Amino acid sequence: MKLFAIALFVCCTLIASSASADTPDGASIVQRGNGHGVAPCMACHAADGGGQAAAGFPRLAGLPQAYLRKQLDDFANGSRTNATMQPVAGGLSEAERDAVAAYYSKLPIPPGAPASASSAASVQLAQTLATRGRWPKGVPACEQCHGPAGIGVGDHFPPLAGQPALYLGNQLHAWQQAARRNDPLQLMQSIASKLNDADIAAISAWYAAQPATLAKEQQP
Amino acid sequence: MKSPQWILLTAVLALTACHRTEPQAALPAPHAPATSASAPKVAARFEPPAESSMPNDDFGKQIELGRLIFSDTGRYAKAYVGNALTCENCHLDAGRLAHSAPMWGAYPMYPAYRAKNHRVNTFAERLQGCFQYSMNGKAPPLGDDVLVALEAYAYWMSKGEPIGVAPPGHGYAKLPKPTQAPDYARGEAVFKRDCALCHSDNGQGQQVAGRTVFPPLWGAQSFNWGAGMERLDNAAGFIKANMPLGRGNTLTDQDAWDVAYFMDAHERPQDPRFKNSVAETRKAYHDTPYSLYGVAVNGKVLGEGSGHL
């Protein structure tokens with residue numbers, strides 16, 4: 001009888017611990033790493049998930065869960081190349097990717113860092129690209145897919161507003177150089193190929209300076 | 001699934017209800033050989049004036065109002081709009097883009113005889129039709145500010161164009177007839193692959209913060225059965241040149257026909273000219289292989305379900 005009880009106990013703890021290994025804790029990976037060599041995310045993406053503007057580390061807090069999940073797969077399979085993030089994503093199991101994506105998507109959007117001022121000409125160029133595009137060259141307005149003021153739309157269209165300028169610019173250049181090839185229907189590769197360096201500098205600075213959530217009066 | 005009339009009638013280039021007006025037919029459109037459809041010709045296309053060149057006076061104010069109505073129709077012409085669409089959704093770049101039925105391609109071609117109502121229509125009357133059908137709303141009365149502003153906008157945009165000569169890039173692309181009759185199942189596959197990302201699996205588009213970002217393609221909030229986009233030739237031409245957004249002219253012609261068929265084989269609000277029955281209304285206004293109104297697709301007669309959206 002006693003033996004049976006012990007067997008039952010061992011058995012149950014085994015099941016319990018294997019169950020918790022199946023559902024990793026997103027918060028714990030973010031704060032302490034996954035215990036298998038992946039560094040804590042917050043070391044780069046900040047404790048509140050707001051990123052680090054000066055280093056080009058993006059905000060993850062409040063991004064769409066499906067989008068975050070897909071980026072981790074894309075880093076891991078090489079359709080999005082980045083020397084820092086590829087080993088991180090590659091070191092996470094499928095379940096760990098699920099957990100961190102869920103965790104970050106539910107974090108509140110932190111208040112953005114104050115953005116540096118741009119010249120009037122650069123602001124004008126950026127506003128035109130953001131709200132009207134450059135149709136004679138086949139470039140739709142950014143907000144036609146990234147939503148009003150670049151706050152993002154649904155599962156597939158990430159926010160641009162409030163992301164670090166350095167990060168945004170890096171992505172547009174990565175698409176131009178085919179270092180990032182993970183966009184559905186090649187939507188961004190096609191757009192980035194039609195932008196020049198001045199466009200990229202202007203639009204990146206401008207979106208970095210936009211609030212990540214719509215101001216009340218902008219809402220209808 | 002396939003409409004039997006299709007096969008019978010593809011040979012006939014019937015110009016009937018809700019199609020592009022081809023007024024003043026004496027002047028052949030220089031850019032539209034019947035066989036090659038797709039790649040728009042770039043030669044000597046009319047360039048509408050830059051927006052920054054709008055006059056800075058009382059006339060300029062009306063032009064600017066016209067542009068606002070065009071791009072945010074539900075807000076600036078609310079009383080006349082019955083769905084979630086804007087003029088710009090089908091006439092891209094605020095009505096400036098070639099092969100997207102630009103306003104500069106239309107304005108110099110009016111007044112024009114339209115088979116849709118068997119009369120000579122002024123430009124303002126043409127605009128009224130857009131509100132009734134494409135916007136599923138009400139026609140603003142002639143002389144209404146909304147029509148005056150839209151007309152001022154189109155007039156300004158057409159500055160320097162010859163009158164009565166269809167300019168290259170006007171209207172929508174005319175695709176050659178499909179090699180295979182358009183097909184629902186193939187169209188559905190194209191839709192899932194190339195359209196659902198934005199317009200959603202159910203075709204209802206996407207909104208954020210109360211604003212429509214990706215417009216609905218069918219259902220209660222889309223264009224009604226009287227609209228030009230209900231015709232497969234218009235829809236295929238529009239889609240080929242302009243969709244997926246920013247990736248125009250990447251679909252094959254066959255894909256464009258198939259996905260146009262799939263889109264137009266869904267229910268939408270009733271044709272405002274409906275009289276007595278779907279069959280009679282089809283006979284009066286949709287008697288062409290390019291319309292699926294009144295045709296049975298997947299066991300349902302299209303137009304019969306308009307009341308239950």
Once Lys and Arg are counted +1 and Asp and Glu -1 for all other residues with Cβ under 9 Å from that of B:W218, the total becomes -1
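What dipole magnitude, in Debye to the nearest 20, does segment B:51-157 give about its Cα centre under +1 on Lys/Arg Cβ and -1 on Asp/Glu Cβ?
My answer is approximately 480 debye.
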Given just the C-alpha atoms of segment A:120-218, how large is their convex hull per residue in cubic angstrom? 97
Would you kindly give the portion of the calculated P(r) for chain A that falls above 25 Å, as a percent of all Cα pairs? 44
Within the protein assembly as shown, helix-based [θ] at 222 nm, where runs of 4 or more DSSP H residues each add -39,500 (n - 2.57), nearest 500: -11500 deg cm²/dmol
Comparing B:N249, B:N121, B:N298, which has the greatest mean-square fluctuation in the GNM of chain B with Cα pairs linked when under 10 Å apart? B:N298
If unit charges are put on Cβ atoms (+1 for Lys and Arg, -1 for Asp and Glu) and the dipole of the protein assembly as shown is taken about its Cα centre, the option from A:S79, A:P58, B:A181 lying farthest towards the positive end turns out to be B:A181
Using Cα springs under 10 Å in a Gaussian network model of chain A, which residue among A:T131, A:T81, A:T23 shows the largest mean-square fluctuation? A:T23
Among the listed pairs B:K78/B:K240; A:K106/B:K78; B:K138/B:K275; B:K275/B:K300, those beyond 27 Å (Cα-Cα): B:K78/B:K240; A:K106/B:K78
Kindly provide the Kirkwood hydrodynamic radius of segment B:228-309 in Å, to one decimal, from all pairs of distinct alpha carbon atoms. 13.4
If you add up the charges near B:G143, with Lys and Arg at +1 and Asp and Glu at -1, over every other residue whose beta carbon is less than 14 angstrom from its beta carbon, what do you get? -4
So, with points 7 Å from each Cα along the Cβ direction, the B:A284-B:Q180 label distance in nm works out to 3.8
Among B:S71, B:S52, B:S291: highest mean-square fluctuation, GNM of chain B, C-alpha pairs under 10 Å: B:S52
As computed over chain B, the Cα convex hull volume per residue (Å³): 136
For a bin width of 10 Å, list the pair-distance distribution of the protein assembly as shown built from all Cα-Cα distances, rounded to whole %. 3, 16, 25, 23, 16, 10, 4, 2, 1, 0, 0
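Read-outs: derived from the displayed coordinates by stated rules, not from any lab. Keep in mind it's a predicted model, so treat the numbers as computed, not measured. All Cβ positions, glycine included, derive from the backbone under ideal geometry; neighbour counts span all protein chains shown.
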